[in-house]
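Below: the structure, in structure tokens.
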Amino acid sequence: MKAIALCIGLCMANLSFAQTDLEDRDESFIVENNKNLLKIDIKEPFLQVAVKNCNDFKPAAFEGGAAAYKQLLRKYMYTYLNSDFYTLTGDFTFTLTIDATGKVTDVEGDPKVLNSDVFFDDMQYVVRRIKKSWSPALCNGQPVKSEMKLKMNFSSMSADM
């Protein structure tokens, strides 16, 4: 009987201390974590802007083709885009400028929306992180600067974690 009374007493004491611990905690240290879940759909084929006054134009190409670039770009976007600063929904078009050596020198995005400047800066960073070069476009057998258009659809959902 004494053992049962001791067990009940210990349980009651434990519960009473647990309640005061919850009541005494400092609320200033509670942090709400919001996470944006991002879905990216990169459309194929990529559109190549032809060079004017060129009879024999061959578009720029990525090693492994458009599907390899699409997969690599998506991977880098999920890794490096800081989507906590913006919520993306809708269609965007990015124009990659590929110089005569096969390096991406510029990335421009459309349309301009709220906080799109931060997003477009992040996209420039993402594209420049890809170390593989393109084979440059050829005009009459000579490498030339060209532009590649990528169409993407974004869907964002904000969730509390």
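The values are calculated or read from the model by the stated rules, or taken from the named source; none is laboratory data. Note that the structure is predicted; figures quoted are calculated from it, not measured. No Cβ is skipped: glycine too gets one built from the backbone with ideal geometry, and neighbour counts run over all protein chains shown.
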Pick from the stretch 126-155 the residues that are among the hydroxyl-bearing types (S, T, Y) and either out of contact with any Phe, Trp or Tyr (no Cβ under 8 Å at 6 or more places or on another chain) or within 16 Å of T93 (Cα to Cα) (or both): which of them is surrounded by the fewest Cβ atoms within 10 Å (Cβ to Cβ)? S155
Name every residue in the stretch 81-95 that is surrounded by 14 or more Cβ atoms within 10 Å (Cβ to Cβ) and touching a Lys or Arg at 6+ places or on another chain (Cβ under 8 Å), in order of residue number. F92, T93, F94, T95
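Residues are listed down the side, and each one gets a yes or a no for (1) surrounded by 10 or more Cβ atoms within 10 Å (Cβ to Cβ); (2) within 19 Å of V127 (Cα to Cα); (3) in contact with a Phe, Trp or Tyr (Cβ under 6 Å, 6 or more places away or on another chain); (4) modelled with pLDDT of 70 or more:
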| residue | (1), (2), (3), (4) |
| --- | --- |
| G9 | yes, no, no, yes |
| A13 | yes, no, no, no |
| D21 | no, no, no, no |
| N34 | no, no, no, no |
| N55 | no, no, no, yes |
| A60 | yes, yes, yes, yes |
| G65 | yes, yes, no, yes |
| R74 | yes, yes, no, yes |
Per the list (1) modelled with pLDDT of 90 or more; (2) assigned to a strand (DSSP E or B); (3) farther than 19 Å from P45 by Cα; (4) not polar (S, T, N, Q), residue check on M157 breaks on (1)
Residue check, V107 part of a strand (DSSP E or B), free of Cβ contacts under 8 Å to residues at least 24 places away in the same chain, under 27 Å from L38 (Cα atoms) and among the hydrophobic types (A, V, I, L, M, F, W, C): yes
